[in-house]
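For reference, the structure is listed below as C-alpha cells.
No value in this document is a laboratory result; all are computed from the given coordinates. Computed from a predicted structure; not experimentally measured. Glycine also receives a Cβ, built like all others from the backbone with ideal geometry; neighbour counts cover every protein chain displayed.
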Amino acid sequence: MKLLVTGGAGFIGSAVVRLAVARGHSVVNVDALTYAACLENVAPVADSPLYAFEQADIRDRAALDRIFATHKPDAVMHLAAESHVDRSIDGPADFVETNITGTFNMLEAARAYWTRAGKPAGFRFHHISTDEVFGSLPADPAVKFTEDTPYDPRSPYSASKAASDHLVRAWHETYGLPVVLTNCSNNYGPYHFPEKLIPVVILNALAGKPLPIYGNGQNIRDWLYVEDHADALLLVVEKGRIGRSYNIGGENERTNLELVQTLCAILDEKRPKNDGCYADQITFVTDRPGHDARYAIAPDRIRDELGWRPSVTVEEGLERTVQWYLDNTGWWQPLLARKGVGERLGKG
C-alpha cells in the first residue's frame, strides 16, 4: 500500500511513518516543517526506497494537488495539525487555519484525485483526531468516551479538531469519499516534542528546574504509548469500516500528579541526584483556563471489530521514554531553543 501521511515529521506522524516503512508500505511524508516538526524523527527510514518526503503546507491546495498527482497514493493518513492546547489559548488563529482550513484542503484534494482515478473502491482517507473533542468526564471510572459520545470541545485546539472531524464526516455523507476516523487518548513516547507534560518533566528534572503541575494535579488522562497508537492507526486504515470512527485508548488512566511521581521514581533509579530526589522539584502552578478534568476512552469497538489492544502499560512506556531521552540528548537539546519551548504558555 502507498500511504500519503501528512505531518509525518511530527510526533505521532513520524511513529506511523517509521512503522509503515518497516512493514513494507511505501510512504510519502507531507510536512510543512513547522516549529514542532523534526526530520530527525524519520531519519531511521529516510534512506529507504519506500520513503519520500514533500515539504508542503496543507493550507496550500495547489501543492496538495501536485503531490496527489505525482505520488498516486492508495490511502491518506491525515495527522498534520497544530496540537498544543496552551498554544491554542494564546494564538487560536493558527489552529483554525491549519486544523480546519487545512483539513478542508486535504479533503478537496483527495476527493479530486479519487474522482479522477475513477473512485477506486480501495481508497481510504483516514482522519486522525483526539478524545479532547468529547470534552470532560466526571471522576466516575465507569464513565468513558465512546464513539457515540456527543462532542463538547472546551479549548480552541479541541474545537478546531471537532470541526475537522465534522468536515470529514460531511465529505463522506455528501460526496461519498471513503473515510475512516480515529480519536485517541494522550500519546507519549520517543520523539515527543519538549513542550508536552512528559518530556517537560523529564528535561526539567534533569536540568534541576521545577516540575510544573497545573492546579492540584488531579486531572486524569488515559496514556497511550505512541508506537501502540501507530500500530492501531495502520490497522484502521487497512481494515476499518468505511464511514466508521474508532476510539483508541491506552487503558492507562493516571492523575497528572501520579504520572509525574512515577517519572520521578524512574529518574531516581536511572539517573540518581547527588542530594534528594526528583519529586522534591514538583511545583504546583496556576491551572490553565478551561482545563478538562478527565479523559478516558472505552476502546470496545476497535477491540471487538479489529482485535486491537494496547501492548504497553504506562509504567513500561514511561521507563522506555525516560531511557530514550537519556540516550538521545543530541535530538532534544537543539529543540529547547525553538520559540515558546520552556515558557509558560496558555495563561489566557
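List of remarks:
- For segment 212-276, the square roots of the Cα gyration tensor eigenvalues, ordered a ≥ b ≥ c, give a/c of at least 1.5 with a/b no greater than b/c, which places it in the oblate category.
- The modelled label-to-label distance between LEU336 and GLU269, using points 7 Å beyond Cα along the C-beta direction, is 2.5 nm.
- Distant-in-sequence amide contacts of HIS126, defined by a placed amide H-H separation under 5 Å and a gap of 5 or more residues or a different chain, comprise VAL76, MET77, HIS78, VAL180.
- Look at ILE67, ILE282 and count the other Cβ atoms within 10 Å of each Cβ; fewest to most, that gives ILE282, ILE67.
- GNM top mover of GLU132, GLU227, GLU238 - the chain, alpha-carbon springs below 10 Å: GLU238
- In the elastic network of the chain, a GNM with C-alpha springs shorter than 10 Å, the most mobile of THR182, THR329, THR101 is THR329.
- Anisotropy class of segment 1-113 from Cα gyration tensor, a/c 1.5 cut: oblate
- Charged side chains reduced to their Cβ positions (Lys and Arg at +1, Asp and Glu at -1) give the chain a dipole of some 780 debye around its Cα centre.
- Above-threshold pairs, the threshold being 19 Å between Cα atoms, out of LYS2/LYS72; LYS196/LYS339; LYS119/LYS161; LYS72/LYS119; LYS2/LYS239: LYS119/LYS161
- Between SER158, SER185, SER48, the Gaussian network model of the chain with springs among Cα atoms under 10 angstrom shows the greatest mean-square fluctuation at SER48.
- Working from Cα pairs under 8 Å separated by at least six residues, relative contact order for segment 173-287 is 39 percent.
- Legend: calculated FRET efficiency, MET1 to ASP327, from the Cβ-Cβ distance at R0 = 25 Å, rounded to 0.05, equals 0.20.
- Angstrom value of the Kirkwood radius, inverse mean 1/r, which spans all Cα pairs in segment 57-96: 12.2 Å
- With the cut-off at under 20 Å, measuring from each backbone N in segment 300-315 to a point 7 Å along the Cα-to-Cβ line of ARG241 picks out 300-309.
- Global form of segment 198-348, assessed from the alpha-carbon gyration tensor, a/c cut-off 1.5: prolate
- 3J(HN,Hα) from dihedral phi, segment 145-160, Karplus parametrisation 6.51/-1.76/1.60, rounded to Hz, x for glycine, proline: 6, 10, 5, 9, 5, x, 6, 7, x, 10, 10, x, 4, 5, 5, 5
- Of the trypsin sites (Lys or Arg not before Pro) in segment 230-339, those whose Cβ has at most 10 other Cβ within 10 Å and which sit in DSSP loop: LYS339
- Between TYR35 and ARG303, the contour length at 0.36 nm per residue exceeds the alpha carbon distance by 93.0 nm.
- Whole-number D in µm² s⁻¹ for the chain, Kirkwood Cα-pair radius fed into Stokes-Einstein, 25 °C, 0.890 mPa s: 120 µm²/s
- A quarter of the convex hull surface defined by the alpha-carbon atoms of segment 53-155 gives 8.6 nm² as the mean projection.
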